[in-house]
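> After the structure tokens below, expect a handful of questions from me.
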Amino acid sequence: MDEVSDWKKLKHYGKKYLKNEVFNMDAGEVSRKNKFAVDSRDNNLHFWYNLVLEEPTQENYEGLNKEIAHRMKVDKIFETAFPAHMEGIKRGDKFLPTDFECYRKMIAQYEEKCEPISDYSLKYLKAFVAECEAIKAYPEFQAKSLEKISKVCSIE
């Protein structure tokens, strides 16, 4: 019985210590840290940027330029193919997929005609979800949506 009581005390005081000493952050400090948090979609950009700051070599500048060019290309593809849906994404609208077959086809078309999905382009896949949900009542429009992706990527 005494051993169980000791473990309960250790658990209680351990939690209290962690809360007060290790994770002792007030709301202001949490807010400050969150302002400097990096979106996981931007890891490559921050990686190359920091590499250029630390070691400004030609290779590092090329890596940064390549990442920026990739991001601009992805932005242009989605803005051109799905402008109405991109407005919703920028507003923070939520798009929940229900037509997964259409969604898979859109992703496959993008990867076949444009480029492989990257960390950065993942954030725009909501446009595919929105498009699939918008045309769900008119399945014949799916071919037109797939064609939009092909057209935009052939211009690039």
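The values are calculated or read from the model by the stated rules, or taken from the named source; none is laboratory data. All values reported here derive from a predicted model rather than from experimental measurement. Cβ: placed from backbone, ideal geometry, glycine included. Neighbour counts: every protein chain shown.
> May I ask you to list the residues in the stretch 122-134 that are of a type outside the set (Ser, Thr, Tyr) and surrounded by 17 or more Cβ atoms within 10 Å (Cβ to Cβ)?
Step one: filter the stretch 122-134 for residues of a type outside the set (Ser, Thr, Tyr), giving 122-123, 125-134.
Within the stretch 122-134, 125, 126, 127, 128, 129, 130, 131, 132, 133 qualify.
> Additional query: What pairs come out if I take residues in the stretch 5-32 that are among the aliphatic types (A, V, I, L, M) and pair them with residues that are part of a helix (DSSP H, G or I) and modelled with pLDDT under 70 whose C-beta lies under 8 Å away, six or more apart or interchain?
25/33
> Where in the stretch 37-109 are there helices (runs of 4 or more DSSP H), lying wholly inside it, with at least 3 residues that are in the same structural domain as residue 149 (by TED's automatic domain parsing) and among the aromatic types (Phe, Trp, Tyr)? Show your work before the answer.
Details: elements: 43-54, 58-81, 83-91.
Correct list: 43-54.
> Also, quick follow-up: With the requirement that a residue be in a helix (DSSP H, G or I) and in contact (Cβ under 8 Å) with a residue 40 or more places away in the chain, what does the stretch 110-123 give you?
First, pick out the residues of the stretch 110-123 that are in a helix (DSSP H, G or I): 110-113, 119-122.
If the condition is that a residue be in a helix (DSSP H, G or I) and in contact (Cβ under 8 Å) with a residue 40 or more places away in the chain, then 110, 113, 119, 120, 121, 122 are the ones that fit.
> If you go through the stretch 126-156 one residue at a time, how many are closer than 16 Å to residue 108 by Cβ, in contact (Cβ under 8 Å) with a residue 12 or more places away in the chain and among the small types (Gly, Ala, Ser)?
3
> Would it be correct to say that residue 94 is of a type in the set (Lys, Arg), touching a residue at least 60 places away in the same chain (Cβ under 8 Å) and loosely packed, with under 15 Cβ neighbours inside 10 Å? Walk me through it before giving the result.
Details: of a type in the set (Lys, Arg): yes; touching a residue at least 60 places away in the same chain (Cβ under 8 Å): no; loosely packed, with under 15 Cβ neighbours inside 10 Å: yes.
Criteria not met by residue 94.
One line per residue, one yes/no per condition, for (1) out of contact with any Ser or Thr (no Cβ under 8 Å at 6 or more places or on another chain); (2) surrounded by fewer than 16 Cβ atoms within 10 Å (Cβ to Cβ); (3) not aliphatic (A, V, I, L, M):
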| position | (1), (2), (3) |
| --- | --- |
| 74 | no, no, no |
| 138 | yes, yes, yes |
| 144 | yes, yes, yes |
| 149 | yes, no, no |
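> Do any residues in the stretch 62-89 that are under 12 Å from residue 124 (Cβ atoms) have Cβ atoms under 7 Å from those of residues that are among the small types (Gly, Ala, Ser), where the two are at least six apart or on different chains, and which pairs are they?
Taking only residues 6 or more apart or on different chains, the pairs are 74/121; 78/127; 82/127; 85/127; 85/130; 86/127; 88/130; 89/127.
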